[in-house]
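Asker: Please read through the structure below; I'll follow up with questions.
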Amino acid sequence: MKKHISLFALGVALVFAQPAAAQHSLNVRDADVRAFIEDAAQVTGRTFIIDGRVQGKVSVVTDRPLSRSEYFEVFLSTLRANGLIAVPTANGAYRIQPVDGAASTPGRIGSRGAQNEFVTEVFRLRAIDATTAVETLRPLVSREGSITANRSGNSLVVADYADNIRRIRALIGQIDRDNATTQVITLAHAGAREIAMTLQQLAPAPGGGAEGGGGAPLVSVVAVDSSNSVALRGDAPTVSRLTAIAKELDARAANGSEIRVIWLDYADAEQLVPVLQMMVGAQGGGAVTPMAATSVSAPAAGAAPTAASAPVGGAVALSNGRGQAIITRYEGTNAVIISAPVDVQRSLAELVRQLDIRQEQVLVEAIIVEISDRVARELGVQFLIGGKDIPFLVTPFSNVSPNILDIAGGILADNLDQTTTVINGNTVTTSTNSAIGDTLRQNAASSILGARGGYSGFAADIGNNRVLGAIINAVQEDSESNILSTPSLTVNDNVKGSILFGQEIPISTGEALSNNFDNAFRTIQRQNVGIELEVKPQINAGNQVKLDIRQEVSSIVGPVSDDFNELIINKREVKTTVTVKDREIIALGGLLDDNERRTIQKIPLLGDIPILGELFKSRGKERTKTNLMVFIRPTILRTAADAQALAARRYNFVRAAQIEFDPKAEPSLDKIVLEYLGANVPVAPAAGPNDQVIAPRAMPSTAPIDSTTLPPSMPAQGQQQQQELPPNGGQP
């Protein structure tokens, strides 16, 4: 018993040994705020940093003593009531400052702590839009706080008192909920895109009415081409109402007209009709059989349309026994006419939509450079020794001009024209004109006129009617050429184009002569000679351009010989397929040719004598170097602005050349454009922020052709056909 009493006494002693909770009175009237802050620092044991702008007096009255934590809360409330705040800083200190500009002052992130602390918190939204949430919550933020929307992260940044932050957090938890419903409507007869477009016009906006009041629509409508369905998401009552409308429209489409006219924006109806006929023939399980359907031409004013002579329409029996499908075209308006069941029409219309896109254009620029250098040197000596009644010696060479035999023949022509007769013992010389003499003189004149370089010679009488003659000829020829050609051509993607700068020359291909030459004739064929560029571009992914290209440069050299007047044509041709990136230059091909030719003509034995043998030789040396290179550069013209910039650049280049030719005169190109065409001169579009950015080709996923209406044997083939279609969003 004594042991229990001693334990109880020890416990009581320990309880009374603990210090009681500190109790502090707070009753001040018109006290200086700095003194008030100093007292609070002593009571709470916290460090306060006082801003220099903190001035004034405060009054606080409490009805009971306060604990240290309660004292701190009353202290913060008193500051807030007097236009001051305590902003937490590093190491647990607080900065006392005026409330103005508190939102831009660094402070604590998160709302945990005293309710009168000024803090900042980030709220991440899941369902509602950050911009819309700012408009809703802005009235709830205090005058000193701020709220900002972060659109990229769909979040809110709020700076305010901790108690207000807690209230805003609770409110966001109530409104940030996804109450939208989703509905997918599978259509059996109508097209998904048509129904989706109709529902989008009927969907109300937050402001009321189908046109809306400036906000986002209450329901989002998306057409799903792969399953021919429409997806709706948004306000449940509105989704339900639009679902009923979509089903009613789909039901009405089942009883609609079986004839449909599709107006084409970019594609050619003549090329598109065979594709559609093949698709219908595949559905029917057989080939398309041409029937009475024909292409219809545009009628004249007041006249009925007439059928063209060539049938282009086709009809085929469908495998499900629902009749025939007929497809034809109307030339006058580039339209396709389809007579088929509604579901077949819808599949074909979707195919037309994906094929009827604007084609991009490609500018193909070629650079043809040919640099040649030809050097020729000739040196020869010709001798002639002859006389009356003696053997003669002559050393003519074919690569030396003039030929000494031709000159000697011209000199002797007069002797051949003279005849000597004896009359009564007297010798009489008479002169006549003979054909042989005329020929010799003509050959001599042609040989002298055709001589090149420098030549000299002499003729001497060495007695006894003997003559010695010699001609020395020296020629050096140096010719250089630098040919630069830059043909260019703009064509549509996957379309073949060509351009030619040159002439058409006649080439003999045959000749026939009768026995009596009274029915002679010759066949002539025209051939292009000049610069020709033929190309077919194909734009691939990653701004790559595949080019099927043929580049030809040809020129006339001259006749084959004096006796054969057919022409020799130089021809340089490159035919290849290359892939090059947009706006980059690639070398198509080239030729580096270095040809050296040396000729020596000499008299045997005499020409081999050292030094002296040079008198019996004729030397010739010719060297030709040719550098030929062909470059190509494709440029993709995606938009009208790209084509406009190209036209302006080329126009200004030609205009500058005219101004340089005659600076005082107005360029004639401007006159033609302004006066004759009545148009403005091409001007480059204004520079934009993305002008220097080469955007990759848009390659969005293309919705496949709906195969729900195809026969069971067709899905695999339909899918393969879809993969070969161009991208839906490929147009610029």
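The values are calculated or read from the model by the stated rules, or taken from the named source; none is laboratory data. Because the structure is predicted, anything quoted here is derived from the model rather than measured. All Cβ positions, glycine included, derive from the backbone under ideal geometry; neighbour counts span all protein chains shown. Note: accessible area is taken over every heavy atom of the protein model, side chains too, but ligands, DNA and RNA are not part of it. Shrake-Rupley method; radii C 1.70, N 1.55, O 1.52, S 1.80 Å.
Asker: Are there any pairs, at least 6 apart or on different chains, whose C-beta atoms fall under 7 Å, with the first in the stretch 560-572 and modelled with pLDDT under 75 and the second open to solvent by less than 70 Å² (accessible area, probe 1.4 Å), and if so, which?
Answerer: V560/E566; V560/I568
Asker: Show the residue pairs meeting these rules: Cβ distance below 9 Å; 6+ apart or different chains; first residue within the stretch 156-169 and within 10 Å of S146 (Cα to Cα) and not assigned by the TED database to the domain that holds V134; second residue open to solvent by 10 Å² or more (accessible area, probe 1.4 Å) and outside any strand (DSSP E or B).
Answerer: Close Cβ pairs (under 9 Å, with a partner that is open to solvent by 10 Å² or more (accessible area, probe 1.4 Å) and outside any strand (DSSP E or B)) do not exist here.
Asker: Follow-up question, since we're still on this one. State the number of residues belonging to the stretch 233-251 that are in contact (Cβ under 8 Å) with a residue 60 or more places away in the chain and open to solvent by 50 Å² or more (accessible area, probe 1.4 Å).
Answerer: 2
Asker: Return yes or no: is S220 assigned to a strand (DSSP E or B), open to solvent by 30 Å² or more (accessible area, probe 1.4 Å) and at pLDDT 85 or above?
Answerer: The answer is yes for S220.
Asker: Could you grab me the full set of residues in the stretch 574-594 that are open to solvent by 90 Å² or more (accessible area, probe 1.4 Å) and more than 20 Å from the chain's Cα centre (by Cα)?
Answerer: Of everything in the stretch 574-594, those that are open to solvent by 90 Å² or more (accessible area, probe 1.4 Å) and more than 20 Å from the chain's Cα centre (by Cα) turn out to be K575, L592.
Asker: Now for a separate question. Conditions first: (1) crowded, with 19+ Cβ neighbours inside 10 Å; (2) touching a Leu at 6+ places or on another chain (Cβ under 8 Å); (3) not basic (K, R). D343 passes all but one, so which condition is the exception?
Answerer: The failed condition is (2).
Asker: State which residue pairs qualify: first residue closer than 18 Å to N492 by Cβ and inside the stretch 267-278, second residue assigned to a loop (DSSP other than H, G, I, E, B) in any location, beta carbons under 6 Å apart, and separation of 6 or more residues or different chains.
Answerer: Listed by first residue and then by second, the contacts come to A267/D356; A269/N334.
Asker: Within the group V545, V553, which residue is within 22 Å of Q361 (Cβ to Cβ) and in contact (Cβ under 8 Å) with a residue 12 or more places away in the chain? Write out each step before concluding.
Answerer: Working: V553 fails: within 22 Å of Q361 (Cβ to Cβ).
Unique residue meeting the criteria: V545.
Asker: Now for a different question. Looking at the stretch 527-539, which of its residues are without any contact (Cβ under 8 Å) to a residue 40 or more places away in the chain and within 23 Å of R358 (Cα to Cα)?
Answerer: Matches in the stretch 527-539: E534 only.
Asker: Taking only the stretch 169-189 into account, find how many residues are farther than 15 Å from A231 by Cα and touching a Leu at 6+ places or on another chain (Cβ under 6 Å).
Answerer: Final tally of qualifying residues: 1.
Asker: Confirm whether E614 is closer than 30 Å to L379 by Cα and not in a strand (DSSP E or B).
Answerer: Judged against the criteria, E614 is a match.
Asker: Here is a follow-up. So, restricting to helices (runs of 4 or more DSSP H) that lie completely within the stretch 618-732, which ones have at least 1 residues that are touching a helix residue (DSSP H, G or I) at 6+ places or on another chain (Cβ under 7 Å) and at pLDDT below 85?
Answerer: Those helices (runs of 4 or more DSSP H) span 715-723.
Asker: Please work out which residue is farthest from the chain's Cα centre (by Cα), limiting yourself to the stretch 500-523 and to residues that are modelled with pLDDT of 85 or more and open to solvent by 40 Å² or more (accessible area, probe 1.4 Å).
Answerer: Taking the candidates together, the pick is P506.
Asker: Quick one: K496 ticks every box in (1) over 28 Å from V630 (Cα atoms); (2) loosely packed, with under 13 Cβ neighbours inside 10 Å bar one, so which box is it?
Answerer: The number of the failed condition is (1).
Asker: If a residue has to be of a type in the set (A, V, I, L, M) and open to solvent by 50 Å² or more (accessible area, probe 1.4 Å) to count, how many in the stretch 252-276 make the cut?
Answerer: Total satisfying the criteria: 2.
Asker: Can I338 be described as farther than 30 Å from V545 by Cα, modelled with pLDDT of 85 or more and either of a type in the set (D, E, K, R) or crowded, with 19+ Cβ neighbours inside 10 Å (or both)?
Answerer: Working: farther than 30 Å from V545 by Cα: yes; modelled with pLDDT of 85 or more: yes; either of a type in the set (D, E, K, R) or crowded, with 19+ Cβ neighbours inside 10 Å (or both): yes.
In short, yes.
Asker: Scan the stretch 657-667 residue by residue and report those that are small (G, A, S) and farther than 17 Å from A647 by Cα. Walk me through it before giving the result.
Answerer: Taking the stretch 657-667 and keeping what is small (G, A, S), we get 657, 665.
Within the stretch 657-667, just A665 meets the criteria.
Asker: Can you name the number of the only condition in (1) at pLDDT 85 or above; (2) outside any loop (DSSP other than H, G, I, E, B); (3) out of contact with any strand residue (DSSP E or B) (no Cβ under 7 Å at 6 or more places or on another chain); (4) open to solvent by less than 60 Å² (accessible area, probe 1.4 Å) that M279 fails?
Answerer: Of (1) at pLDDT 85 or above; (2) outside any loop (DSSP other than H, G, I, E, B); (3) out of contact with any strand residue (DSSP E or B) (no Cβ under 7 Å at 6 or more places or on another chain); (4) open to solvent by less than 60 Å² (accessible area, probe 1.4 Å), only one is false for M279: (1).
Asker: Now for a different question. What residue, among those in the stretch 53-72 that are within 15 Å of Q23 (Cβ to Cβ) and not in a loop (DSSP other than H, G, I, E, B), is most open to solvent (accessible area, probe 1.4 Å)?
Answerer: R68
Asker: Right, another one. With the condition kept exactly as written, say whether any residue in the stretch 605-628 is in the same structural domain as N494 (by the TED database), among the β-branched types (V, I, T), open to solvent by less than 80 Å² (accessible area, probe 1.4 Å) and over 30 Å from I471 (Cβ atoms).
Answerer: Within the stretch 605-628, one or more residues are in the same structural domain as N494 (by the TED database), among the β-branched types (V, I, T), open to solvent by less than 80 Å² (accessible area, probe 1.4 Å) and over 30 Å from I471 (Cβ atoms).
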